[in-house]
Amino acid sequence: MASTTFSGPVTSTNGFIGALAGNVTGNIAGSGSITHASTAAINATATATAAQVATGYITSTSAAATSITLPTGTLLGAALGAVRGTVFDLYVDNTAGASTVTMVVAVNGILSSAAADTPGSFGDLTIAAGATGIARFTLMFASATAYTFSRTA
């Protein structure tokens, strides 16, 4: 188990389940704000590395349509220290881009049933360019090597 350092009170009424991964700072309990200490830039079609995804925040400034394929569940689970029940939020920021970004799920990652049933919302894997071009995706791990993927904002 990794060492954790924090400042301020930490409370839970039902215990802590899962893991908070990535380089985050800020007041997670009170205001709900999270500041990502590092980000990853992916400006052309590519498979994201587990380390890039583990930052929790990917930017794209591409002028051309870009597809970002997530790493395999095995690689991503290892990078995040995931176990069954781990939940991880990934933000993709395309506000400085000039074309769409499309997320692609890789091996051992599947769209959640909500994403499959309602592709126009939870399953919307395309992020517009410009002012509205930011999205939050949630990965929920069923094991250390397999996750479901949904758009949650």
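The values are calculated or read from the model by the stated rules, or taken from the named source; none is laboratory data. Since we're looking at a predicted model, the values are computed, not measured. Note that each Cβ is placed from the backbone with ideal geometry, even for glycine, and that neighbours are counted across all protein chains shown.
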Take the conditions polar (S, T, N, Q) and closer than 14 Å to Ala144 by Cα and apply them to Thr74. Does it pass?
yes
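Which fully enclosed helices (runs of 4 or more DSSP H) of region 43-140 have 3 or more residues being over 25 Å from Ser33 (Cβ atoms) and charged (D, E, K, R)? Break it down stepwise before answering.
On the way: elements: 50-54, 73-80, 113-117.
Filter on region 43-140 gives an empty set.
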With respect to Ala79, determine if the residue is of a type in the set (A, V, I, L, M) and more than 14 Å from the chain's Cα centre (by Cα).
no
Filter result (closer than 24 Å to Thr72 by Cβ and either in contact (Cβ under 8 Å) with a residue 60 or more places away in the chain or crowded, with 18+ Cβ neighbours inside 10 Å (or both)) within region 124-137:
Leu125, Ile127, Ala135, Phe137
Residue check: is Asp89 acidic (Asp, Glu) and crowded, with 17+ Cβ neighbours inside 10 Å?
yes
Applying the selection to region 93-108, what residues are modelled with pLDDT of 95 or more, of a type in the set (A, V, I, L, M) and crowded, with 18+ Cβ neighbours inside 10 Å?
Val101, Met103
